[in-house]
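The values are calculated or read from the model by the stated rules, or taken from the named source; none is laboratory data. Computed from a predicted model, the values in this text were never measured in an experiment. As a convention, Cβ positions derive from the backbone with ideal geometry for all residues, glycine included, and neighbour counts pool all protein chains shown. Only protein heavy atoms, including side chains, enter the accessible area calculation; ligands, DNA and RNA are left aside. Shrake-Rupley method; radii C 1.70, N 1.55, O 1.52, S 1.80 Å.
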Amino acid sequence: MSMTFAGRVAVVTGAGAGIGRATALAFAAQGLTVVVSDVDVVGGEATVRQIEASGGTAVFVRCDVTQEADVQHLMEQTISAFGRLDYAFNNAGIEIEHGRLADGTLDMFDAIMAVNVKGVWLCMKYQLPLMVAQGGGVIVNAASVAGLGAAPKMSIYAASKHAVIGLTKSAAIEYAKKKVRVNAVCPAVIDTDMFRRAYEADPRKADYAAAVHPVGRIGTVEEVASAVLYLCSEGAAFITGHALAVDGGTMAI
Ligand code: NAD
């Protein structure tokens, strides 16, 4: 399988922590130049320092993916600094614990949809023309197993991740002949700050989270990063419009 990324340029949103940071580090380890982006400046700059400490090349561009001007600026900065955009991992996302559907609030709905859906749509809106103009590229969007099935007590989040898959599949078809591939990763529970925030209040929930995965454990950020790199690689040249579960067998039950 070809993983020849050297000399290429990748943008990762939400790269100041968790899955985004691990993927930025994995891209850099393959010789890519990485544009690390996050609304959190401290986290994003820490990711850049980690990449540089291991000999890689990265820059930080602050971007709140809910803001069109920020997203446009991120893509413009990438082109003005490096002249191309080969890979994009649209990873920034939020999850708010809210109980059953009727317990949700309009503020929660708007906040989740703004980051998880509008953010991914805005990123692709500004990435696709650049990739078409340069003759190709690969986009991977962060969905979730909550985009493939029910997510009790996370209905708004589930709706947002189903929407990410809808955006992914539609863009994949629209741009297939332009040599831009668009896929999604669908992690189950992954050991990140998002996971710890959700489970720290009740350690029994953490045990339960491990047990619901057929492999008997939750996933690691590196395992999601590997899936993103595979989807970006030439080894995945015939894969587009796919929502890849990275879930220890959860969706097979
Ligand atoms: P995380 O909370 O550890 O990190 C998310 C990063 O996104 C943070 O650095 C945060 O500052 C950034 N971010 C938040 N809002 C933003 C905005 N408006 N603009 C730019 N950046 C913003 O989360 P994570 O667990 O690494 O999750 C990453 C992605 O993977 C999310 O889309 C999430 O929904 C998805 N996912 C996570 C899990 C899991 O178990 N952790 C499972 C399935 C899917």
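Below is a table of values for the structure above.
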item: Computed [θ] at 222 nm, deg cm²/dmol, the chain (DSSP H ≥ 4; -39,500 (n - 2.57); rounded to nearest 500); result: -14000 deg cm²/dmol
item: For ALA58, residues with placed amide H under 5 Å, excluding near neighbours; result: VAL34
item: Accessible area of the range 118-162 divided out per residue, in Å², using a probe of 1.4 angstrom; result: 35
item: Residues whose placed amide H lies under 5 Å from that of VAL11, excluding near-sequence neighbours; result: VAL35, TYR87, ALA88, PHE89
item: Solvent exposure ordering (accessible area, 1.4 Å, most first) of PHE109, PHE27; result: PHE109, PHE27
item: Shape call, the range 169-219: gyration tensor on alpha carbons, a/c limit 1.5; result: prolate
item: Added length on full extension, which subtracts the Cα-Cα distance from 0.36 nm per residue, ARG100 to VAL42; result: 17.5 nm
item: Within the accessible area of the chain (1.4 Å probe), percent carbon and sulfur; result: 57
item: Amide hydrogen neighbours beyond the local backbone of VAL246, cut-off 5 Å, H modeled; result: CYS186, ALA188
item: Calculated from backbone phi, Karplus (6.51, -1.76, 1.60) coupling profile of the range 103-110 in Hz, x at Gly/Pro; result: 8, x, 10, 4, 4, 4, 4, 5
item: J(HN,Hα) series, the range 238-253, from Karplus relation 6.51 cos²θ - 1.76 cosθ + 1.60, nearest Hz, glycine and proline x; result: 9, 10, 8, x, 9, 10, 8, 6, 10, 9, x, x, 4, 6, 8, 5
item: Whole-Å distance, taken between Cα centres, linking the range 15-93 and the range 149-221; result: 21
item: In nm, spacing of pseudo-spin labels at MET108 and GLU52 (7 Å Cα→C-beta vector); result: 4.1
item: From phi via Karplus (6.51, -1.76, 1.60), per-residue ³J(HN,Hα) for the range 66-80 in Hz, x at Gly/Pro; result: 7, 10, 4, 4, 5, 5, 4, 4, 4, 6, 5, 4, 4, 5, 5
item: Over the chain: Rg over Rh, Cα atoms, Kirkwood Rh; result: 0.95
